[in-house]
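Below: one structure, written as structure tokens.
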Amino acid sequence: MSWGFETDAEYQKVLEWADEFVTNEVEPIDQVVTHAWDMKDPLRQKLIPPLQDKVREKGLWATHLGPELGGQGFGQLKLALLNEIVGRTHSGPIVFGAQAPDSGNTEILAHYGTPELKDRYLKPLIDNEIVSCYAMTEPQGGSNPVEFETTAVLDGDEWVINGEKWFGSNARFASFYIIMAVTDPEAEPHRRLSQFIVPAETPGVEIVRNTGVWGHDYEVGTHAYTRWTDVRVPADHILGGVGQGFEVAQTRLGGGRIHHAMRTVGLVRRSLDMMLERAVSRTTRGKRLGDQQMVQEMIADSWLQIEQFRLLVLRTAWRIDEENDYRKVIKDIAAVKAAMPKVLLDVTSRAVQLHGSLGVSKELPLGKWLLESYHMGLADGATEIHKVSLARQLLRGAEATDGLFPTYHLPALQEQARAKFAEELAALEE
């Protein structure tokens, strides 16, 4: 049996470099660049590409991808540790070539794209010459694929797409969309759907409006409500086969949820660091805040939640590496996704409370992170869905008893024990 929590010395040096680099080079950019995905922002184009070059030189560019795609092929455990550092910033993921939704879309294209689609879209996406949008959720169906109504019908050598999509992240910056649509309404629920790549300039693709999100104070929102009217794309723009849409979606979600979770760990650690600084800096009634027992409880509870969640995420990442099959780790991934929003909500709420009026002001990022916890409870499937999935997985391994009382009923266990040790008990009675 092998068991340990240490990181190998060579990779620890990599993490230390990343930590210093993010602190000194990336975090300041967050204060001056409005949105790191906006390729038309001249300040973004001046500041971010040079940092991306430094990451490439260090061999840390797009580390979620294999060497054949220009990445390092890091396993999920290494990725998790790196994302913990990168995730405490807005610009960090794009500086390291691992930003959502592009990171997941590159995996889809790598697995299911034709050579022509890879040449046209995959390389520039990996190189961050362009960004993309994943158009999955719908106004009436949310994130449940079996409720989707957007259709794609084959007409000669083209697919014709009609419908509406809701909350497409970064659509207004995107050069192309990956869209999920119904191709066979009569098929079984998870075989009804297929996925397609659609250039953003295709006629019939309309951004109805760019929806803003509380806590994201951009002049124009970045989550689009889109309408698709007789949108025609070539027949070879399907990703995977007809009816493989659900399978394709799973390719991008399993590992992505681990990356997102460790980025969340980075955020809540920042919240705790803020709490600690505040607790030893401010006084009330002649005592530091940190000397007050209720403040100490808030700090202790926060540290416990962070460490428990972090260990769950790292163990899940390790299991993914060991099994090399997301389906075998579906229970663990669901648990990570279900736990993530509450950790961010709880720790950030305490940090807001400890900072008083400053905590709810826009002079600290805590209010934004607090609202982000609700966003996390919806992205990639609602928390309740993942709890149901987790419970079902656990129940599958449970065995029912035929007896009137459960197998752990104490009178029955005592009777079994007396039978097992009958000779010893009899000897004591003589």
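The values are calculated or read from the model by the stated rules, or taken from the named source; none is laboratory data. None of the values given here were measured: they were computed from a predicted structure. Cβ atoms come from the backbone with ideal geometry, glycine included; neighbour counts cover every protein chain shown. The accessibility values were calculated without ligands, DNA or RNA, using every heavy atom of the protein model including side chains. Shrake-Rupley method; radii C 1.70, N 1.55, O 1.52, S 1.80 Å.
In the range 103-125, what count of residues is obtained for those that are in contact with a strand residue (DSSP E or B) (Cβ under 7 Å, 6 or more places away or on another chain), open to solvent by 20 Å² or more (accessible area, probe 1.4 Å) and assigned to a loop (DSSP other than H, G, I, E, B)?
Total meeting the criteria: 0.
Considering the range 87-96 alone, what residues qualify as being under 20 Å from residue 11 (Cβ atoms), under 15 Å from the mean Cα position of the chain (by Cα) and not basic (Lys, Arg)?
Those that are under 20 Å from residue 11 (Cβ atoms), under 15 Å from the mean Cα position of the chain (by Cα) and not basic (Lys, Arg): 87, 92, 93.
Residue 196 is checked against (1) open to solvent by 30 Å² or more (accessible area, probe 1.4 Å); (2) under 19 Å from residue 141 (Cβ atoms) and fails just one. What number does that condition carry?
Only one criterion in (1) open to solvent by 30 Å² or more (accessible area, probe 1.4 Å); (2) under 19 Å from residue 141 (Cβ atoms) is unmet by residue 196, namely (1).
Which of (1) open to solvent by 20 Å² or more (accessible area, probe 1.4 Å); (2) of a type outside the set (A, V, I, L, M); (3) at pLDDT 95 or above; (4) over 30 Å from residue 234 (Cα atoms) does residue 38 not meet, given it meets every other one?
(4)
State which residue is most open to solvent (accessible area, probe 1.4 Å) when the search covers only the range 52-86 and only residues that are in a helix (DSSP H, G or I), over 22 Å from residue 8 (Cα atoms) and touching a Phe, Trp or Tyr at 6+ places or on another chain (Cβ under 8 Å).
It comes out as 54.
For residues in the range 168-185 being touching a Pro at 6+ places or on another chain (Cβ under 9 Å) and open to solvent by 30 Å² or more (accessible area, probe 1.4 Å), which is farthest from residue 111 (Cα to Cα)?
Among them, the one singled out is 169.
Considering each residue of the range 278-335, count those that are polar (S, T, N, Q) and under 26 Å from the mean Cα position of the chain (by Cα), and give that number. It would help to see each step written out before you state the result.
To start, the set of residues in the range 278-335 that are polar (S, T, N, Q) comprises 281, 283-284, 292-293, 296, 302, 305, 308, 316, 324.
Keeping just the survivors that are under 26 Å from the mean Cα position of the chain (by Cα) gives 302, 305, 308, 316, 324.
Here the count works out to 5.
Would you confirm whether any residue within the range 395-411 is buried (at least 16 other Cβ atoms within 10 Å of the Cβ), under 30 Å from the mean Cα position of the chain (by Cα) and aliphatic (A, V, I, L, M)?
no
Does residue 100 qualify as being open to solvent by 10 Å² or more (accessible area, probe 1.4 Å), more than 28 Å from residue 6 (Cα to Cα), in a helix (DSSP H, G or I) and touching a residue at least 40 places away in the same chain (Cβ under 8 Å)? Step through it out loud before you land on a result.
Values: open to solvent by 10 Å² or more (accessible area, probe 1.4 Å): yes; more than 28 Å from residue 6 (Cα to Cα): yes; in a helix (DSSP H, G or I): no; touching a residue at least 40 places away in the same chain (Cβ under 8 Å): yes.
No; evaluated as a whole, the condition is false for this residue.
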